[in-house]
Amino acid sequence: MTPSTIILRTGRDEAVRRFHPWIFSGAIAHKEGLPLEGDLVEVVSHERQTLGFGFYEGGSIAVRMLSYGSEKMLDLTTFFTEKIEAAYQLRLRLGLGNPANSVYRLIHGEGDGLSGLVVDVYGSTAVVQAHSMGMYGQIKLITEILLKVLSPQVTAIYDKSSATLPSHSEDFLGDGFLVGHNPPEAVRENNIQFIPDWEHGQKTGFFIDQRDNRQLVGSMSEGRRVLNMFCYSGGFSLYALKGGAEEVVSVDSSARALSLVEQNVACNWGNTIADGRHEGVVCDAFEYLKGINKGAFDLIVLDPPAFAKKRSAIKNALNGYRKLNALALEKIDRGGLLFTYSCSQAVSPEDFRLAVLTAAVQVGRSVRILRQMRQATDHPVSIYHPEGEYLKGLLLYVE
């Protein structure tokens, strides 16, 4: 079937010629044919030169590009097979997909040339999230290829696209298993065990993007009093415990999140550490920080949810980061380490750093940056799509 054609306005083809994967609605002059949301389309310049092929979405991001250049689009089976196989080989080279690291991100959207698709692997189960109707329309094909590429390790595929699709078509069946039906099982990250919750948990069940940063926290926790704010299922807490922390306090506003932490602690150590070095607290993060004594902790992790999901919310988000970091900088002990993060894509690294700087000036403490941090290596960023670098963090030494 011949795809519809998207003709761009004069001079609006520069981004796609630089291999940027998004074509915004304002760049389109007109359409030939009647593309529906999720259809494969050909994109051409105003002079009718073929620029590539992509999935038509019809929103602000009107087209998500799949291929570039004047050559015909490969059949989708070949295209997805090559992309998924290449992504899997990269993860193997990164030391993932083995008994010590059985949880990892296999497909990271634009970073793996598949805009609108996320695939996370949890042991024998792969969790798929479609962020576009184009990808959701190919979910059956994607499932078949995943089973072939990941065999025999992966035996079940779970779809968790309800929260990420921009709109729900009549074809959307709801979250659930597409193939197989594996119960949640303990998976390993750097030989630490976690039980993911892909059915009810946040994202696909676990925040895989912080793996490298969790390991850094663990390497600096020996003998320290650690506070893990917005702890969710306790990733940073478990690394701190393994790293020899004197005590670890995990704080989250959700009682369900704290039950996940205790479950994960028990999965690794039984009740011995849960009854000794670890404590879980259900409390609002700002209120908890206001209530603790100065010097109570000498390593604090701030990993809040996205304060700005849209550009219109950036001002309020930066104010939130300033207030949160000011509280932590005021309360942390001398010689303390503050790990502070933002996962808001709309907030730039420069803006986040300025918010933390403003917090340091506000509390009047001497602060040095020891390291700038990013998302884990299985969340690659296409050099042509800098928007994919969403996670930023600072490791601060507070005198």
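The values are calculated or read from the model by the stated rules, or taken from the named source; none is laboratory data. Bear in mind the structure is a predicted one, so any value in this text is a computation, not a measurement. Cβ: placed from backbone, ideal geometry, glycine included. Neighbour counts: every protein chain shown. Calculation scope for accessible area: heavy atoms of the full protein, side chains included, ligands and nucleic acids excluded. Shrake-Rupley method; radii C 1.70, N 1.55, O 1.52, S 1.80 Å.
When only alpha carbons are used to place a centre, the stretch 225-298 and the stretch 84-110 end up 29 Å from one another.
Largest GNM mean-square fluctuation among His278, His200, His131, using the chain with Cα springs under 10 Å: His200. Principal semi-axes of the equivalent ellipsoid, √(5λ) from the alpha carbon gyration tensor of the stretch 341-399, are 25, 12, 7 Å from largest down.
Stretching the chain fully between Leu36 and Gln49 yields a gain of 2.4 nm (0.36 nm per residue, less the alpha carbon separation).
The mean of 1/r over all distinct Cα pairs in the stretch 82-142, once inverted, gives the Kirkwood hydrodynamic radius of 11.8 Å. Cross-link partners for Lys72 among the aspartates and glutamates, with Cα-Cα distance under 14 Å and sequence neighbours closer than 8 places in the same chain left out: Glu42.
Estimated at 0.36 nm per residue, the fully extended path between Asn319 and Cys267 surpasses their Cα-Cα distance by 14.9 nm.
For Ser4, the residues whose amide H sits under 5 Å from its own are Glu42, ignoring neighbours fewer than 5 places away on the same chain, with H placed 1.01 Å from N. Each peptide in 298-304, 362-368 gets a packing score, the mean of other Cβ atoms within 10 Å over its residues, and the list from highest to lowest is 298-304, 362-368.
When the chain is treated as a GNM, springs tying every alpha-carbon pair under 10 Å, which of Glu32, Glu110, Glu247 comes out with the largest mean-square fluctuation? Maximum among the listed residues: Glu32. As an equivalent ellipsoid, the chain spans semi-axes of 40, 26, 17 angstrom, where each value is the square root of five times an eigenvalue of the C-alpha gyration tensor, largest first. Taking Ala245, Ala130, Ala100 as the candidate residues, the one with maximal mean-square fluctuation in a Gaussian network model of the chain, Cα springs under 10 Å, is Ala100.
Using 0.36 nm per residue and subtracting the Cα-Cα separation, the extra length available between Ala100 and Arg256 on full extension is 53.4 nm. Using the Cβ-Cβ distance between Asn191 and Gln89 with R0 set to 25 Å, the FRET efficiency works out to roughly 0.60. Between the listed residues Ala126, Ala360, Val282, the Cα displaced farthest toward the positive end of the dipole of the chain, a dipole computed from Cβ unit charges relative to the Cα centre, is found at Ala360. Span-like helix check, the chain: qualifying full DSSP H segments, with Cα axial length of 24 Å or more and mean Kyte-Doolittle of -1.0 or more, are 76-93, 314-331.
In order along the stretch 48-60, the phi-based Karplus estimate (6.51 cos²θ - 1.76 cosθ + 1.60, θ = phi - 60°) of 3J(HN,Hα) comes to 6, 8, 5, 9, x, 10, x, 9, 7, 10, x, x, 4 Hz; Gly and Pro are listed as x. First measure r as the distance between the Cβ atoms of Arg334 and Val281, then evaluate 1/(1 + (r/R0)^6) with R0 = 41 Å and state the FRET efficiency to the nearest 0.05. According to the calculation, E is roughly 0.95. If you wrap the Cα atoms of the stretch 1-88 in a convex hull and average its projected area over all directions, you get 5.7 nm². Reducing the stretch 316-355 and the stretch 142-216 to their Cα centroids gives an inter-centroid distance of 30 Å.
When the alpha-carbon atoms of the stretch 70-171 are used, the pair Rg, Dmax equals 13.5, 44 angstrom.
With the convex hull of the Cα atoms taken as the outline of the stretch 10-148, the averaged projected area works out to 8.6 nm². Protein heavy-atom accessible surface, 1.4 Å probe, per residue over the chain: 44 Å². For the chain, with all protein chains in place and a probe radius of 1.4 Å, 50% of the accessible heavy-atom surface sits on carbon or sulfur. One compactness figure for the stretch 292-399 is 1.08, namely its Cα radius of gyration divided by 2.2 N^0.38 Å. Take the stretch 95-229, drop everything but the C-alpha atoms, weight them equally and run the Debye formula without solvent; then report log10 I(q)/I(0) at 0.15 Å⁻¹ to two decimals. These q points yield log10 I(q)/I(0) values of -0.74. Put a dot 7 Å past the Cα of His200, heading toward its Cβ, do the same for Ser366, and the two dots end up 4.9 nm apart.
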